[in-house]
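Below you'll find the structure, written out as structure tokens, and then a few comments.
The values are calculated or read from the model by the stated rules, or taken from the named source; none is laboratory data. This structure is a prediction, so every number in the text was calculated from the model and none was measured. FYI the Cβ positions are ideal-geometry reconstructions off the backbone, even for glycines, and counts take in every protein chain you see. We work out accessible area using only protein heavy atoms, side chains counted, and drop any ligands, DNA or RNA first. Shrake-Rupley method; radii C 1.70, N 1.55, O 1.52, S 1.80 Å.
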Amino acid sequence: MSLKLYNTLTRTKEPFATLVPGQVRMYCCGVTVYDYCHLGHARSYIVWDMVRRYLQWRGYEVQYVQNYTDIDDKILNRAAQTGQDWQEITQIFIRAYAEDMARLNILTADAYPQATAAMPDIIALIQRLEEQGFAYAAQGDVYYAVERFPGYGKLSGRSLDQMEAGASGRLEPGEQKKHHPLDFALWKAAKPGEPSWESPWGLGRPGWHIECSAMVHADLGAEIDIHAGGSDLVFPHHENEIAQSEAVLTSRLARYWMHNGFVTVGDEKMSKSLGNFTTIRQLLDTPLPVLGGEVFDPMALRLFVLQAQYRKPIDFTEDAIAAAQHSWQTLKEGLLFGYEYGGSLQWPDRNDPDFGNPANMRIPNPSEAVQRFEAAMDDDFNSPGGLVVLFELAKELRKEGNVLTHQGATPTASDTLKSQWQTLVCLSQVLGLAAQPDTAKSSEGLSDQAIEALIEQRQAARQAKDYGESDRIRDQLKAQGITLIDQAGGGIRWHRD
RNA sequence: GGCGGCAUAGCCAAGUGGUAAGGCAGGGGCCUGCAAAGCCUUUACCCCCAGUUCGAAUCUGGGUGCCGCCUCCA
């Protein structure tokens, strides 16, 4: 089997073939840093992280670059509103972005280029476009001449005529500087009081799309393998990037264009302008009634995202939150199986310092589970299909764990369980799903001896048919996080929750 | 108006020609003094109509409904 992925440019699933065998150069359009990230951003970056991890799993060396747009109208507006310096704003939200992504277990990029640090590259590119007749200066601004680029519209699948007709009602007056209504700014002349940079056209700052063209080239080279982003970037952002880059390149900008679907609320796109957004930190930090007052687990958020195919919309609802949290609980129990039962199963490496680290696991290859996982993921990163395998493994392990807890032993071979667990841990890691045991719990509360003593009291009460007393003791233990298991033969086992 | 996408159980979601994966939620049973935990078990003819085919959720045509992009946006 080989990997196929959906290319927005061709609107088909294509076999994945990189420019340099074994290497993937991937660029993902990052955020404009003027506010906290919402769930739409979370989905996008979780998806691209999953893609990156899977490519690595498949043996590719992946170079992953993601930019920060740190100069833009929205940043300046925000600064004007709050009275802060605009660079203070960008610093705050770059830090917030990093924090949010770390909580979601998103790997850090190999580079995070920033527009303000790429000014020489940006200016050089605009100059080159101007020299070759793809751009023209007008009163300190520089515009891209869309009519000069024959392929304009190829990514979004539309023609200039169509777009002009569609946009005719919306074209701003006062844009006489443009030769064609769809020409877009590469460089904007400085307005009084705004930050600006020296350029051949006077003081100014870059337009939105040019930074990515310049930074992709600077950090990854002429033709990259994957260029990714949200569906809302197809037009105009990525269309314009293609126009800018390919006008001066002898190659394509990117071999594959990938776009993720939206997070919706009531089937409407979650977005800043609609005001229907929930920020990542708001969701993860607020106890929720649907979760019985618990906080939503970041891994459950990751699961929520990966349970839908990345190109399809996902609706953000209370039901979905609860389902994802519960699903994560199931998966988590499977992931913790080795920590919980590795000792009683006498796994020799149980006490190794890096026990549970997927990097050190050698799972049986090619096991049936791995094959099914890869078959799903090879088909345009079908993570819901891949999760099926994880859930089957996790449920099987959970069952085995319960048998061990309730009966003290299981007929299943220890080696079999170990390999199932390792497979689960490794494949989960490919999706960025990981759980660590809670080391604090066993040392808190009642001592083992105190618990055993209470259990004996309860047994005595039960034999005397004093069920009021026996239930009282059971409730007392329950309140302290101790669950009793009355076994069929009259024996009692217990565990801390 | 132009272009694109989606429609599968209560909810979410795979499946692109051979009679429906998985998750969540729910039902039933076993066990129990009662519970809890656990174990076992169970729940769909795939938006509508017509067509192609031995056979379609899957292909074709026509409907209906919803969404996205065309303006900043992951």
Step by step: first the residues of the range A:80-110, then only those that are acidic (Asp, Glu) and assigned to a loop (DSSP other than H, G, I, E, B), then the one that is farthest from residue A:66 (Cα to Cα). Which residue is that? A:85
Is there a residue being within 12 Å of RNA strand B (Cβ to nearest atom), surrounded by 12 or more Cβ atoms within 10 Å (Cβ to Cβ) and not in a helix (DSSP H, G or I) anywhere in the range A:440-450? no
Filter result for residue A:483 (among the polar types (S, T, N, Q) and part of a loop (DSSP other than H, G, I, E, B)): no
Taking the range A:16-36, which residues are outside any loop (DSSP other than H, G, I, E, B) and either buried (at least 19 other Cβ atoms within 10 Å of the Cβ) or modelled with pLDDT under 95 (or both)? A:24, A:25, A:26, A:27, A:28, A:32
With A:375, A:359, A:394 as the choices, which residue is open to solvent by 70 Å² or more (accessible area, probe 1.4 Å), under 23 Å from residue A:303 (Cβ atoms), assigned by TED's automatic domain parsing to the domain that holds residue A:308 and of a type in the set (A, V, I, L, M, F, W, C)? A:359
Under 6 Å between Cβ atoms, which residue pairs at least 6 apart in sequence (or on different chains) link something in the range A:123-146 that is on the phi < 0 side of the Ramachandran plot with a partner that is of a type in the set (D, E, K, R) and assigned to a strand (DSSP E or B)? A:141/A:188
Subset of the range A:270-281 that is at negative phi and free of Cβ contacts under 8 Å to residues at least 40 places away in the same chain - its residue that is least open to solvent (accessible area, probe 1.4 Å): A:276
Considering only the range A:206-219, I want to know if a residue exists there that is under 17 Å from residue A:114 (Cα atoms), away from RNA strand B (no atom under 16 Å from the Cβ), touching a strand residue (DSSP E or B) at 6+ places or on another chain (Cβ under 6 Å) and open to solvent by 10 Å² or more (accessible area, probe 1.4 Å). yes
Of A:319, A:352, which residue is outside any helix (DSSP H, G or I), charged (D, E, K, R) and at pLDDT below 95? A:352
With respect to residue A:395, determine if the residue is assigned to a helix (DSSP H, G or I), within 15 Å of RNA strand B (Cβ to nearest atom), of a type in the set (Lys, Arg) and free of Cβ contacts under 8 Å to residues at least 40 places away in the same chain. no
In the set A:296, A:262, A:235, A:304, which member is in contact with a Ser or Thr (Cβ under 6 Å, 6 or more places away or on another chain) and either open to solvent by 20 Å² or more (accessible area, probe 1.4 Å) or farther than 28 Å from residue A:164 by Cβ (or both)? A:235
